[in-house]
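Colleague: Could you have a look at this structure, given as structure tokens, before my questions?
Quick note: the coordinates plus some simple rules give every number you see, no bench work behind them. All of these numbers come straight from a predicted model, not from anything done at the bench. Quick reminder, even Gly has a Cβ in these numbers, built from the backbone with ideal geometry, and neighbours come from all protein chains shown.
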Amino acid sequence: MSQDPLRYFRVEARELVDQISAGVLDLDQQPGTDLVARLLRFAHTLKGAARVVRQQEIADRAHEFEEVLVPHRGQDGPLAAAEMRELLRLNDEIERYVTALEPAAPPPPDPAPAPTPAAAIEPGPGPAPEAPVRAPVEPPAPARASTTSDVDELLDAVGEAHARLSPLRNGTTVLDKLHRSAESLAYQLRVGRSPGQAEAARSTAVRLAADLGMLGRQLTDTVEQVERELDEVRGRAEALRLVAASTIFTALHRAVRDAADAADRRVRFEGRGGDLRMDPQVLALASGALLHVVRNAVVHGIEPEEDRAAAGKPTEGHVVVEIQRRGRYAAFLCTDDGRGFDLAAVRRTAEARGLLPDDSAEPHPQMLVDLVLRGGISTSPRVTEVAGRGIGLDVARDLADQLGGTVDVRTATGRGTTIELVLPLALLSLHGLVLEAAGAVATVPLDAVRTCVRLTPEQATAASVTGKLAYDGAAVPFLPLARALYAGTAVPEGAGPGVAVVVTADGESVAVGVDRLAGTSTLVVRPLPDLAPAAPVIGGVSMDLDGNPRLVLDAQGLIAETARLGPGGGATPEPPQRLPILVVDDSLTTRMLERSILESAGYEVDLAASGEEGLEKARSRGYGLFLTDIDMPGINGFQFVEQTRADPELARVPAILVSSRASAEDRARGAAAGASAYVVKGEFNQEELLAHIRRLVPS
């Protein structure tokens, strides 16, 4: 079989191109001789490697790249704008040539045409500078390949586990010796008659028992140690399937830089939380949505330099993308320090499209923000490279709807905007502390553990009764883990907490009482199945060596559960209470059917036969959800939702429209009114309705 002459060059070139891409963007923001020297080394290495494999186009452009940088080798000042554009152009050309060397993948069978993205309102103060229209280049999906350090760590762990097998090999020799001793003893007992022979047999039996006991202890210790080492190996091997979140920062940084260049802005990009390792598919989807979000942040958020100076802001704008782990979810936050949403422009555009109610009441700001997410038309009057196409924040909304996540917008006039995209994680790698409580084994993320405190029986009893533990000069809330894991059921008898693990999240702490600690482990967390009941403190599961699930605790869930139980509440936990659901429908049959479905699923239900009665009940009691028909005499379903959205006390309660209307116009009107979901009676599916409710109503 013929060797591939470019096999190793492709690997090296891809790594060098990634380093050059990140370095050029860093040079644009933080110029310095060290960074120039590092970029020259990368370009020189790439040029030499390209020449070895006869890739002259890559070598020539790497040489041109060097020529731009050489004059700045000893200068600390920034490069001219034209030089930066030339470096970016050469970097793009090198990347295209390297990508072209990749083996061609077989075409997918019968690809379906890509759907046209839904229109969206992109809030903006006015036109951006005109530029030639071209489709933005989307980043490739994050690579699955592990870094050298990841492989080195895995090999070290394998070596440790292999070294632990040596006592087992030595044990076989000892076991063979003991087997011969046992045979000798059996012979002596069978033929021995004299007192001397009996004494020899007793002596042999004593030695054999001692040797067997010592060997058993050695083998037990070794097997336990090997199991721990192999568990670590498994965790590290599974982690290689995941990708560091920082892999998307370079593409986002480039998108910010290009958008700022097109809009004649000065913008600094910052990425945070890149150490989190997660499923590459989720990361790639999030990256695609964030590209639109960061472009919007630059074009519609960051003001021109003279406007920022007049407002007392730094002339350079700032866009931050931060990635956080929240239990089994990942939160992607894009924050800018710009002008905030131009809600007046959003209102004018929405009124022109008929997306607002006919009455003259001033729409609530949150209603206008929701319209931006639900889609409409762009407020930018001209189509430019980065604005005016009507493809904006609805991309993030569509992704959240597709994966079962959420999108939240927080904006302040003159101070900036934060777009928060929260997505469920299929896989997540983390280091954990293994705990045991009342026979249950669980793991808590190590980055949430502040310290561990050994408890005396008196301290454990006092903490369980009072719900507080004295630690570091303060009274920390105390939660016995067994009570949380066995919520609503009898807790197995045990010795009680012997260790308190102090866990911190979101600036709050809780002391979790456990029986004992069982070491640390690297693990890959998987989400719980949607229909699997679980205590609120559980964030996911991992698999042990035997393929059995091991619970993974959620730090935020532990703190929330402690607050719910209250002082001393750990001894008498109460099941969580759901808010009731209000069903509004003028049809008795529909009301009773929906009540039957909801009550069978464990929800409390109130009924209203008209929109007027529904509003009266909604204002007299707290509800977790409104489920309403559209076609009703008096106040119809659209108006019911609009009026609840306009009421500050009711706006937080989600609403689902259930109607026989199935047209796209009615669906759009429902979304514009503020409905969180739309269910067609002719296509009624009980599981679909319950899935919407589980997503919208907190347990």
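Colleague: For a Förster distance of 41 Å, can you work out the FRET efficiency between the beta-carbons of GLU305 and HIS63, rounded to the nearest 0.05?
Modeller: Values: r = 36 Å, r/R0 = 0.87.
Using R0 = 41 Å, I get an efficiency of 0.70.
Colleague: Under 5 Å between amide H atoms, partner at least 5 residues away or on a different chain: which partners does GLY439 have, H built in plane at 1.01 Å?
Modeller: Under 5 Å from the amide H of GLY439: no residue qualifies.
Colleague: Right, something else. Across 5 Å bins from the origin, how do the percents of Cα pairs in the stretch 243-424 run, short distances first?
Modeller: With 5 Å bins starting at 0, P(r) equals 1, 8, 17, 20, 20, 16, 10, 5, 2, 0, 0.
Colleague: Using the Karplus curve 6.51 cos²θ - 1.76 cosθ + 1.60 with θ = phi - 60°, what ³J(HN,Hα) values do you get for each residue of the stretch 615-624, in whole Hz, with x for Gly and Pro?
Modeller: Going residue by residue, I get 5, 4, 5, 4, 8, 9, 8, x, 10, x Hz, with x marking Gly and Pro.
Colleague: Count charges around ALA59 for me, please; just the other residues with Cβ under 11 Å from its Cβ, Lys/Arg as +1, Asp/Glu as -1.
Modeller: Details: positive: LYS47, ARG51, ARG54, ARG61; negative: GLU57, ASP60, GLU64, GLU66.
Neighbourhood net charge equals 0.
Colleague: Taking H placed 1.01 Å from N in the peptide plane, check which residues at least 5 places from VAL525 or on another chain put their amide H under 5 Å from its amide H.
Modeller: So VAL525 has HN proximity to LEU428, SER429, LEU430.
Colleague: If the chain between LEU215 and ARG415 were fully stretched, how many nm would it gain, using 0.36 nm times the residue separation less the Cα-Cα distance? Walk me through the numbers before you get to the answer.
Modeller: Working: separation 200, 0.36 × 200 = 72.00 nm, distance 7.05 nm.
So the extension gain works out to 65.0 nm.
Colleague: Let me ask something additional. In the neighborhood of THR250, defined by Cβ-to-Cβ distances under 10 Å, what is the net charge if each Lys or Arg adds +1 and each Asp or Glu adds -1? Don't skip to the end; give the middle numbers.
Modeller: Values: positive: ARG254; negative: ASP18, ASP26.
Residues near THR250 contribute -1 overall.
Colleague: Provide the gained length on full extension for the span HIS364 to GLN29, in nm with one decimal, where the gain is 0.36 nm per separating residue minus the Cα-Cα distance. Provide the component values of the computation, followed by the final result.
Modeller: On the way: separation 335, 0.36 × 335 = 120.60 nm, distance 3.91 nm.
So the chain would gain 116.7 nm between HIS364 and GLN29.
Colleague: Separate question: Short version: ³J(HN,Hα) in whole Hz for each residue of the stretch 271-285, in order, from phi by Karplus 6.51 cos²θ - 1.76 cosθ + 1.60 (θ = phi - 60°), x for Gly and Pro, what are they?
Modeller: x, 10, x, x, 6, 4, 9, 8, 4, x, 5, 4, 5, 5, 5
Colleague: Now, a different point. Using a Förster radius of 25 Å, what is the FRET efficiency between ASP606 and ASP408 based on their Cβ-Cβ separation? Nearest 0.05, please.
Modeller: Details: r = 28 Å, r/R0 = 1.13.
Plugging the Cβ-Cβ distance into 1/(1 + (r/R0)^6) gives 0.30.
Colleague: Then there is this: Taking a ≥ b ≥ c as the square roots of the Cα gyration tensor eigenvalues, with a/c under 1.5 meaning rounded and otherwise prolate when a/b beats b/c, else oblate, which class fits the stretch 581-696?
Modeller: Details: a/c = 1.28, a/b = 1.04, b/c = 1.23.
Note, shape of the stretch 581-696 comes out rounded.
Colleague: Tell me, what HN-Hα J-couplings in whole Hz come from the Karplus equation 6.51 cos²θ - 1.76 cosθ + 1.60 at θ = phi - 60° for each residue of the stretch 643-658, using x for Gly and Pro?
Modeller: 6, 6, 5, 7, 8, x, 6, 10, 4, 6, 7, x, 10, 10, 8, 10
Colleague: Rounded to the nearest 0.05, what FRET efficiency do SER660 and GLU599 have when you use their Cβ-Cβ distance and R0 = 22 Å? Could you put the intermediate results ahead of the total?
Modeller: Details: r = 23 Å, r/R0 = 1.07.
In this case the efficiency is close to 0.40.
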